[in-house]
Amino acid sequence: MNRFEGKVIVITGSSSGIGKATAEKLAAMGAKIVLNGRDEARLQEVSREFQAHGYEMLVVPGNVAVLADCKRIIDATIAYFGRLDLLINNAGVNMRGRLEDIRPEALRLVMDVNYLGALYMTRFALPHIKTSRGGVFFISSVAGIHGLPLHGLYSSAKMALRALAESLRAELSGTGVYVGIAYVGLTENEPGKTIYNEHGEKVPKENQSQLKLQPISAVAEEIIGMIRKRTFQRTFTLLGKLNALLNRISPALVQFVLTRTFQKRGW
C-alpha cells in the first residue's frame, strides 16, 4: 500500500468529518473511492464535489449496523471495480450519559455502529482483501485506551476494536494483508456534529473550543501516513500520547484522575 493510485478503497462514514477528508486525500492520490454513509443526500453532495475534481468513485449508501447493508456495500464494490484493496472502518457515533440513565432500547446504538459495523464490513471484505494483499484499517479513539465517564458505551466499542485488530493481525500473518488501528484524539468537528443523549436522541455535541483540537485534515494525513508505512497502531495528539503512556505505567493513576475530575465537575 505504498502507492494509492488505482487502489480501490472503501471508507465507511465518508460523507463528512475524518472519513470525508481521508477519502478526498486518497482520491487526489489516484485511489478509487467507495463513499458510504446513512445520509444519501449528503453522500450525493460529496459525490458532486468528487466529480468536479475528476475523482473516480462509487456511492453506496447504507447503515453499517445492518448486516445486509454491509454485504451489499462490498458486493457493489466488487461488481463495479472488480477488486478491493483497502477497507477503512471509520463510521462511528457517540453517546453521552450515565449508564444507569440510558434507556435500555438505546444501549445498542453505539456498539452496533462502532464495533459490529466494523466487524460486519471486515468479514465481508476479507476474502477480497486477501486476494489483493491489501489492508484493513480501524479508526479507534483515545477513549478506547481507558474508559471515560459518561462515555462508557463509546469507550467499550473503541476498546473492542483493538481486540479485533490484534486478533486479525495474528490470523492474517503471512498473507501479506495489512492491519492497522489509529487512536484518534480530540479532533475539530464540522458544524452540526451530533451525538446521542441517554434517551437515544441526537443532540448537538458539546462545545470543545476551549480544548486544543487536531484539525480534521491533519488526522486524515496521519491515517494515510500509517497506511502507507503499514504501521499497526498509533495514538494521535500530545494529550492522547500522554494518556496512553500513563495508562501503561499506572492505570490506577489515570482512573484516580478521571474519577476526581468527574466528581469535582459534578457530571
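Where a number appears in this text, it was derived from the coordinates with a stated rule and is not lab data. Predicted model, so just to flag it, every value in this text is computed and none were measured. No Cβ is skipped: glycine too gets one built from the backbone with ideal geometry, and neighbour counts run over all protein chains shown.
Using C-alpha pairs below 8 Å separated by at least 6 residues, the relative contact order for region 8-237 is 20 percent.
In angstrom, the C-alpha Rg and Dmax of region 143-190 are 13.4, 41. Residue pairs exceeding 25 angstrom between C-alpha atoms, taken from 7/229; 32/193; 71/193; 71/202; 158/193: 32/193; 71/193; 71/202. Once a ≥ b ≥ c are taken as the square roots of the eigenvalues of the Cα gyration tensor of region 60-108, is the result rounded (a/c under 1.5), prolate (a/b larger than b/c) or oblate (a/b not larger than b/c)? Here region 60-108 falls in the prolate category.
May I ask which residue of 50, 30, 191 lies farthest towards the positive end of the charge dipole of region 8-237, with charges of +1 (Lys, Arg) and -1 (Asp, Glu) on Cβ and the Cα centre as origin? Checking the options against the dipole of region 8-237, the answer is 30. Taking the Kirkwood radius as Rh and the Cα radius of gyration as Rg, the chain has a ratio of Rg/Rh equal to 0.96.
Taking the DSSP beta bridges in region 8-237 as the whole, what percent of them are antiparallel, to the nearest 5? About 10 percent, rounded to the nearest 5.
Helix 67-81 and the longest principal axis of the C-alpha atoms of the chain enclose an angle of approximately 30°. Would you work out if region 142-267 is rounded, prolate or oblate? Take a ≥ b ≥ c from the square roots of the eigenvalues of the alpha-carbon gyration tensor; rounded if a/c is under 1.5, else prolate when a/b is larger than b/c, oblate otherwise. Judged from the Cα gyration tensor, region 142-267 comes out prolate (a/c at least 1.5, a/b above b/c).
In degrees between 0 and 90, to the nearest 10, how far off the longest principal axis of the chain does helix 216-229 point, with axes built from Cα atoms? The angle comes out at about 60 degrees.
Here the simple spin-label model places points 7 Å from the Cα toward Cβ, and for residue 40 and residue 206 these points are separated by 3.6 nm. Straight-line reach from residue 241: taking Cα to Cα under 18 Å and skipping same-chain neighbours fewer than 8 places apart, the aspartates and glutamates in range are 188, 221, 222. Classify region 97-163 as rounded, prolate or oblate from the Cα gyration tensor: take a ≥ b ≥ c as the square roots of its eigenvalues, call it rounded if a/c is under 1.5, otherwise prolate when a/b beats b/c and oblate if not. Verdict is oblate for region 97-163. Residues 4, 232, arranged from fewest to most other Cβ atoms within 10 angstrom of their Cβ, appear as 232, 4. Which of 116, 159, 244 sits farthest toward the positive end of the charge dipole of the chain, with +1 on the Cβ of Lys and Arg and -1 on the Cβ of Asp and Glu? Positive-most Cα among the choices belongs to 244. Neighbour counting of Cβ atoms within 10 Å sorts the residues 80, 178, 183, fewest neighbours leading, into 80, 178, 183.
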